[in-house]
Amino acid sequence: MKIRVIGGGLAGPEAALQAASRGHLVDLYEMRPHRSTEAHQTADFAELVCSNSLKSESEHSAPWLLKQEMRVAGSFLLAEADACAVPAGHALAVDRVAFSARVAQRLEQHPLITIHREEVLTLDSDADLTILASGPLTSRPLTDALQAITGADHLAFYDSISPIVDASTIDMDKVYFAARWDKGSADYINCPFTKDEYDAFLDALTSAETVAPKSWEHLPTATNPGAPSQTAPSFEVGSPETRPSEKLNYFEGCLPIEETARRGRDTLRFGPMKPAGLTNPKTGRWPYAAVQLRSENLRADSYNLVGFQNHLKFGEQARILRMIPGLEHATFLRYGQIHRNTYLHAPSLLTETLQLRARPDLLIAGQLSGVEGYTESIASGMLAGIYAAQLADGQTPDPAPRASAHGSLIHYITHAEGKKFQPANITFDLLPALEEDLRKRIRDKKERHRLQCERALAAWQKWLPVPVEAAVS
Ligand SMILES: Cc1cc2nc3c(=O)[nH]c(=O)nc-3n(C[C@H](O)[C@H](O)[C@H](O)COP(=O)(O)OP(=O)(O)OC[C@H]3O[C@@H](n4cnc5c(N)ncnc54)[C@H](O)[C@@H]3O)c2cc1C
């Protein structure tokens, strides 16, 4: 049975490789370079559109658990990420160019995968099974086609990109390398602020000119059953024509810095500019505030301003970011941006095996399914590929176990309370709590997490379908 995969980002290639490695013919569709999105800059498969981090590798953290499960299950993209990791303290960060190249090679060399560089416009059942992994920037005709099938409304909000600075233009006399709390290797460059510098920066930031929403940012069919938390600006319902005063609908986990700054003079110092644990070797003390820079590649010739996504005009960014100590003469290779982000209302639309209730031959993977983040998108692509292969073999797929990180993530998106639904990263909150007697006995949070991880990995191992061809060959 043939499986069609739409989307060559993160979830799509993983799904394609999983299904093909189980002996199924796969047609993989990617619209770039003929048509691009607002955020992609290349025609590459598995392009990381913003940060180059696949999050924490700290043992017994929730992102670590998800990655461990993926490694055990033979995730192809995670194996490639591991193979081109760059130093990033206790996080897994990758050289994005090498990562894309390795994924492309895998796809191109697989005898059962045929690559089609074209935009898919419809979701007619001309394939036996389809995995839709067209991401948060799914093209408009396909969004409309999906809307026609689900009969339900999408959600829409804005997501964001951090600026990147040319390493050779950083004033290294003013900054210092350190890992927070000395955890992991000291791979981050820290730009320390005094109180006066911070105050001046904050004043400039909160009074800077922002970019007006563009026409493509107005999803015509968007309503907002899952409005973000009450503190976030809301997205008004209606057609673009009837929404003259539309406000941006930011995802709380990815707020632009100017928006965070407006929430209080210390909010940035407790968020992306947190100085705690960043001892400056020159003073032996923590600075008043700090901006952290993370290497973009192994050559360390460019650095990402961690958590500095923003919606300011480029000229304003150049002016304000150069107020950061050490970046006075910096050249920015990319400025921050805010983009449309589309995802399904998974609790009402998706089954635990990622099938659309209204069209069980259509599986949804990646950010579009309601998971949030690179790793989570790859993870859901892996599950969709496994489930599609099982369906193609005439089997009824068995959902990932609830105790595992994968099972918890998918359980959350398919069972979340409808009105509050937002895309989810993997966190311990999503995993089932330990039994009551254990909870009472074990007060230490780290120990509880360790036990949750142990339980998750055991359940995951037990559930794993038959082994596939080795992920790393
Ligand atoms: C601006 C932005 C910044 C983000 N930054 C981060 C970050 O820093 N860290 C993080 O963990 N997550 C981030 N995310 C969230 C998320 O992890 C990424 O969007 C991730 O790439 C999602 O993976 P995906 O496979 O679902 O979609 P994508 O990686 O976007 O892949 C979807 C692919 O489908 C293609 N496509 C779309 N429509 C069609 C069509 N009709 N026909 C054929 N192909 C089509 C697209 O060209 C794209 O290549 C960000 C998201 C956005 C939008």
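The values are calculated or read from the model by the stated rules, or taken from the named source; none is laboratory data. In this text, all values refer to a predicted model and were calculated from it rather than measured experimentally. Note that each Cβ is placed from the backbone with ideal geometry, even for glycine, and that neighbours are counted across all protein chains shown.
In the set (1) modelled with pLDDT of 90 or more; (2) touching a helix residue (DSSP H, G or I) at 6+ places or on another chain (Cβ under 7 Å); (3) outside the structural domain of residue 174 (by TED's automatic domain parsing), the condition left unmet by residue 358 is number (1).
Keeping to region 403-434, report how many residues are assigned to a helix (DSSP H, G or I) and over 23 Å from residue 130 (Cβ atoms). Lay out the reasoning, then the answer.
Narrowing region 403-434 to residues assigned to a helix (DSSP H, G or I): 405-415, 418-420, 428-430.
Okay, now just the ones that are also over 23 Å from residue 130 (Cβ atoms), so 405, 407-408, 411-412, 415, 418-420, 428-430.
So the count comes out to 12.
Here is a check on your reading of the model: is residue 394 surrounded by fewer than 21 Cβ atoms within 10 Å (Cβ to Cβ), assigned by TED's automatic domain parsing to the domain that holds residue 144 and more than 16 Å from the ligand (Cβ to nearest atom)? Answer is yes for this residue. Scanning region 320-348 for residues that are within 16 Å of the ligand (Cβ to nearest atom) and among the basic types (Lys, Arg) yields 334, 340. Applying the criterion of being over 15 Å from residue 137 (Cα atoms) and not β-branched (Val, Ile, Thr) to the residues of region 1-15, the residue that is surrounded by the most Cβ atoms within 10 Å (Cβ to Cβ) is 15. Residue pairs whose Cβ atoms lie under 6 Å apart, sitting 6 or more positions apart in sequence or on different chains, and linking a residue in region 185-201 that is within 16 Å of residue 173 (Cα to Cα) to a partner that is charged (D, E, K, R) and assigned to a strand (DSSP E or B), are 188/294. Residues that are of a type outside the set (D, E, K, R), more than 9 Å from the ligand (Cβ to nearest atom) and either within 15 Å of residue 389 (Cβ to Cβ) or part of a strand (DSSP E or B) (or both) within region 21-57 comprise 21, 23, 24, 25, 26, 28, 56, listed in sequence order. Each residue in region 6-38 was checked for being within 21 Å of residue 394 (Cα to Cα) and out of contact with any Asp or Glu (no Cβ under 7 Å at 6 or more places or on another chain), and 12 of them qualify. When we screen 379, 400 for residues that are in a helix (DSSP H, G or I), in contact (Cβ under 8 Å) with a residue 40 or more places away in the chain and either in contact with a Phe, Trp or Tyr (Cβ under 6 Å, 6 or more places away or on another chain) or buried (at least 24 other Cβ atoms within 10 Å of the Cβ) (or both), the only hit is 379. Going by the structure shown, is residue 349 within 20 Å of residue 150 (Cβ to Cβ) and buried (at least 24 other Cβ atoms within 10 Å of the Cβ)? No: the conditions fail for residue 349. Screening 68, 18 for residues that are at pLDDT 95 or above, assigned to a helix (DSSP H, G or I), away from the ligand (no atom under 12 Å from the Cβ) and crowded, with 24+ Cβ neighbours inside 10 Å leaves exactly one candidate, 18. Suppose the filter is within 16 Å of the ligand (Cβ to nearest atom), outside the structural domain of residue 25 (by TED's automatic domain parsing) and within 19 Å of the chain's Cα centre (by Cα); does residue 381 pass it? No; evaluated as a whole, the condition is false for this residue. Where strands (runs of 3 or more DSSP E) fall entirely within region 88-143, those with at least 3 residues that are more than 20 Å from residue 367 (Cα to Cα) and either modelled with pLDDT of 95 or more or in contact with a Cys (Cβ under 9 Å, 6 or more places away or on another chain) (or both) are at 113-116. A search for C-beta distances below 8 Å between a residue of region 23-44 that is closer than 25 Å to residue 2 by Cα and any residue that is of a type in the set (Phe, Trp, Tyr), counting only pairs 6+ apart in sequence or on different chains, returns 30/45.
Considering only region 21-43, how many residues are within 20 Å of residue 141 (Cβ to Cβ), of a type in the set (A, V, I, L, M, F, W, C) and modelled with pLDDT of 95 or more? Walk me through it before giving the result.
Step one: filter region 21-43 for residues within 20 Å of residue 141 (Cβ to Cβ), giving 27-40, 43.
Imposing the further condition that a residue be of a type in the set (A, V, I, L, M, F, W, C) reduces the set to 28, 31, 39, 43.
Cutting the leftovers down to modelled with pLDDT of 95 or more gives us 28, 31, 43.
Qualifying residue count for the region: 3.
Taken over region 291-341, the criterion of being part of a loop (DSSP other than H, G, I, E, B) and among the basic types (Lys, Arg) is satisfied by 299, 313, 322.
Out of 208, 148, 227, 232, which single residue is assigned to a loop (DSSP other than H, G, I, E, B), modelled with pLDDT of 55 or more and either within 16 Å of the ligand (Cβ to nearest atom) or at negative phi (or both)? Before the answer, list the steps.
Working: 148 fails: assigned to a loop (DSSP other than H, G, I, E, B); 227 fails: modelled with pLDDT of 55 or more; 232 fails: modelled with pLDDT of 55 or more.
Of 208, 148, 227, 232, the one residue that is assigned to a loop (DSSP other than H, G, I, E, B), modelled with pLDDT of 55 or more and either within 16 Å of the ligand (Cβ to nearest atom) or at negative phi (or both) is 208.
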